[in-house]
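What follows is a set of notes on a single structure, which appears directly below.
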Amino acid sequence: MTDRKILLSEKEMPTRWYNIAPDLKTPLAPPLHPATHKPLGPADLAPLFPMEIIKQEVSIDPWIDIPQEVLDILKLWRPTPLVRALSLEKALGTKARIYYKNESVSPAGSHKPNTAVAQVYYNKKEGVKRIATETGAGQWGSALSFACALFKLECQVYMVRVSFDQKPYRKLMMQAWGGNVVASPSELTEYGRSVLKSDPQNKGSLGLAISEAVEDAVKREDTKYSLGSVLNHVLLHQTVIGLEAIEQLKSIGEKDPDVIIGCVGGGSNFAGLAFPFLKDKLKGKTNPRVIAVEPMSCPTLTKGLFEYDFGDTAGLTPLVKMFTLGHDFMPPGIHAGGLRYHGMAPIVSNLAKDKVIEAKAYHQTECFASAVLFARTEGIIPAPESSHAIHCAIEEAKKAKEGEVIIFNLSGHGHFDLAAYDTYLSGKLEDYEYPMEKIKEALKKVPKVD
Ligand SMILES: *Cc1c(COP(=O)(O)O)cnc(C)c1O
């Protein structure tokens, strides 16, 4: 009999994070100061992040030790199961073996606590009392509120207005963990007040909420800022996912995967699974296909430009070289809220530019159809974000050769996204492809950097 769940014991958990930076084909382009366009120094980032995080952001050490205190908390839910999707395989009649890493088992229901715990730990260690952040669908805000509760730090969350109104349960989750949540744009910051003055009904965006959280952190001595995706240190913290998966596949004598898949918003859960596998690919030892999957309505990797751009709407963050749809791109209200970001992690962008990884974009209705098939075979109701990875895995499995191994990341569950399932199941879900003219329009706003 084939085991369904491949488990590791707590003793077998990785004790170091894998840093892909030194193994990249092309070195990363340095982040630039938003005003001077000169490369940033650690001092420029000091108002926002604790020093240890800044060191990780620019580190070229291939391995970085995970502090014992962080490991002790991660063990609340890690190591996460690697699951052989036997029932899904049977339903598809595929020749492939499909595995998924189940990151939905964390307290917040996604992969995001993997970095939230580490980030809050370093802030606490350097005497920070309060952390400000933004959240879109609420996944990151809840992960950070959870981590702040465990380390007893105050957590201020700027939540995109449209989600704040439509997703009361994640807001309540943050509050249960003691987080302070406000709808963005808010009256708490100068930028928020200026937006509300010209547009009182503004529904917000992730870029706008980032501007508010950054302003909050810069203006208060006791506060730092925290980001749930995109940055190098966030991707680093997520590599526990792939490091565990490698051990899990080894433990059952499975071969190296042929296809590795993750959905991408800012790129962190994809990176977490894929980077440890890419270590061998970058050395020429293996050659798996590695696929980043995004929504057709926010096609950063498939239709964006590889340019320096701001991470936020107001232009307060450093300029980073990444695939971008332009920093004032306003994504349509699709249900995979976590995938609605105009940019992409610089490291994921670098790998896509160098063709080490490939990118695919899908419509939300086909992803929901795959999510429902997954729920009715494997049992777990996936997050709409994760359904993009599932859909890609299913497409790959349908055309797979005998014995092909496919692995994807199940980044979270969809228990707080049932309204989206309702829309899909009642036949009201619509597809939206971002028109090329509108993309060209937004791309005109990308700053000129020499
Ligand atoms: C936030 C989120 C994502 C997208 O963020 P990445 O940084 O690209 O991983 C994907 N899935 C879930 C469940 C999320 O909460």
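With respect to the conditions (1) touching a residue at least 40 places away in the same chain (Cβ under 8 Å); (2) closer than 24 Å to Thr15 by Cα; (3) away from the ligand (no atom under 16 Å from the Cβ); (4) surrounded by fewer than 24 Cβ atoms within 10 Å (Cβ to Cβ), Asn232 falls short on a single one, namely (3).
Could you check, for the stretch 376-399, whether at least one of its residues is among the polar types (S, T, N, Q), more than 25 Å from Asn232 (Cβ to Cβ), touching a residue at least 24 places away in the same chain (Cβ under 8 Å) and crowded, with 22+ Cβ neighbours inside 10 Å? Write out each step before concluding.
Taking the stretch 376-399 as the starting set, the residues that turn out to be among the polar types (S, T, N, Q) are 377, 386-387.
Going one step further and asking which of them are more than 25 Å from Asn232 (Cβ to Cβ), we end up with 377, 387.
Narrowing the set further to residues that are touching a residue at least 24 places away in the same chain (Cβ under 8 Å) leaves 377, 387.
Filter once more, so that each one left must be crowded, with 22+ Cβ neighbours inside 10 Å: 387.
Yes - at least one qualifying residue is present in the stretch 376-399.
Here Phe146 meets the list (1) free of Cβ contacts under 8 Å to residues at least 60 places away in the same chain; (2) open to solvent by less than 20 Å² (accessible area, probe 1.4 Å); (3) more than 14 Å from the ligand (Cβ to nearest atom) almost entirely, failing just condition (3). The conditions of being surrounded by 24 or more Cβ atoms within 10 Å (Cβ to Cβ), in the same structural domain as Asp280 (by TED's automatic domain parsing) and in a helix (DSSP H, G or I) are not met by Ile407.
Can you pull out the strands (runs of 3 or more DSSP E) entirely within the stretch 270-364 that have at least 1 residues that are surrounded by 19 or more Cβ atoms within 10 Å (Cβ to Cβ) and among the aliphatic types (A, V, I, L, M)?
Values: elements: 289-295, 305-310, 319-324, 358-362.
Per the criteria, 289-295, 319-324, 358-362.
Contact map, the stretch 246-268: first residue not assigned by TED's automatic domain parsing to the domain that holds Met344, second residue in a strand (DSSP E or B) and within 16 Å of the ligand (Cβ to nearest atom), Cβ cut-off under 7 Å, separation 6 or more or different chains; the map is empty.
For every residue, the table says whether it meets (1) in contact with a strand residue (DSSP E or B) (Cβ under 7 Å, 6 or more places away or on another chain); (2) among the aliphatic types (A, V, I, L, M).
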residue: Lys401; (1), (2): no, no
residue: His413; (1), (2): yes, no
residue: Asp422; (1), (2): no, no
residue: Glu430; (1), (2): no, no
residue: Tyr434; (1), (2): no, no
residue: Ala442; (1), (2): no, yes
residue: Pro447; (1), (2): yes, no
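Among residues of the stretch 75-106 being touching a residue at least 40 places away in the same chain (Cβ under 8 Å) and over 18 Å from Ile6 (Cα atoms), the one that is most open to solvent (accessible area, probe 1.4 Å) is Lys90.
Among the conditions (1) open to solvent by 10 Å² or more (accessible area, probe 1.4 Å); (2) not in a loop (DSSP other than H, G, I, E, B), Asp450 misses just one, which is (2). Of all the listed residues (Gly207, Gly242, Gly266), the sole one being closer than 30 Å to Pro22 by Cβ, assigned to a helix (DSSP H, G or I) and within 16 Å of the ligand (Cβ to nearest atom) is Gly242.
Tell me, please, whether a residue that is over 15 Å from Ala132 (Cβ atoms), touching a residue at least 40 places away in the same chain (Cβ under 8 Å), open to solvent by 20 Å² or more (accessible area, probe 1.4 Å) and in contact with a helix residue (DSSP H, G or I) (Cβ under 8 Å, 6 or more places away or on another chain) can be found in the stretch 205-228.
Within the stretch 205-228, the subset over 15 Å from Ala132 (Cβ atoms) is 205, 207.
Filter once more, keeping what is touching a residue at least 40 places away in the same chain (Cβ under 8 Å): 205, 207.
Filter once more, so that each one left must be open to solvent by 20 Å² or more (accessible area, probe 1.4 Å): none.
No, the stretch 205-228 has no match at all.
Please verify whether the stretch 170-187 includes one or more residues that are open to solvent by 20 Å² or more (accessible area, probe 1.4 Å), farther than 15 Å from Ile210 by Cβ and part of a strand (DSSP E or B). Before the answer, list the steps.
Here is the first cut: in the stretch 170-187, the residues open to solvent by 20 Å² or more (accessible area, probe 1.4 Å) are 171-173, 175-178, 180-182, 187.
Still in the list and also farther than 15 Å from Ile210 by Cβ: 171-173, 175-178, 180-181, 187.
Next, only the ones that are part of a strand (DSSP E or B) stay: 180-181.
Looking through the stretch 170-187, at least one residue is open to solvent by 20 Å² or more (accessible area, probe 1.4 Å), farther than 15 Å from Ile210 by Cβ and part of a strand (DSSP E or B).
The values are calculated or read from the model by the stated rules, or taken from the named source; none is laboratory data. None of the values given here were measured: they were computed from a predicted structure. Neighbour counts run over all protein chains shown; Cβ positions are idealised from the backbone, glycine included. Areas reflect the complete protein model, heavy atoms only, side chains present, ligands, DNA and RNA absent. Shrake-Rupley method; radii C 1.70, N 1.55, O 1.52, S 1.80 Å.
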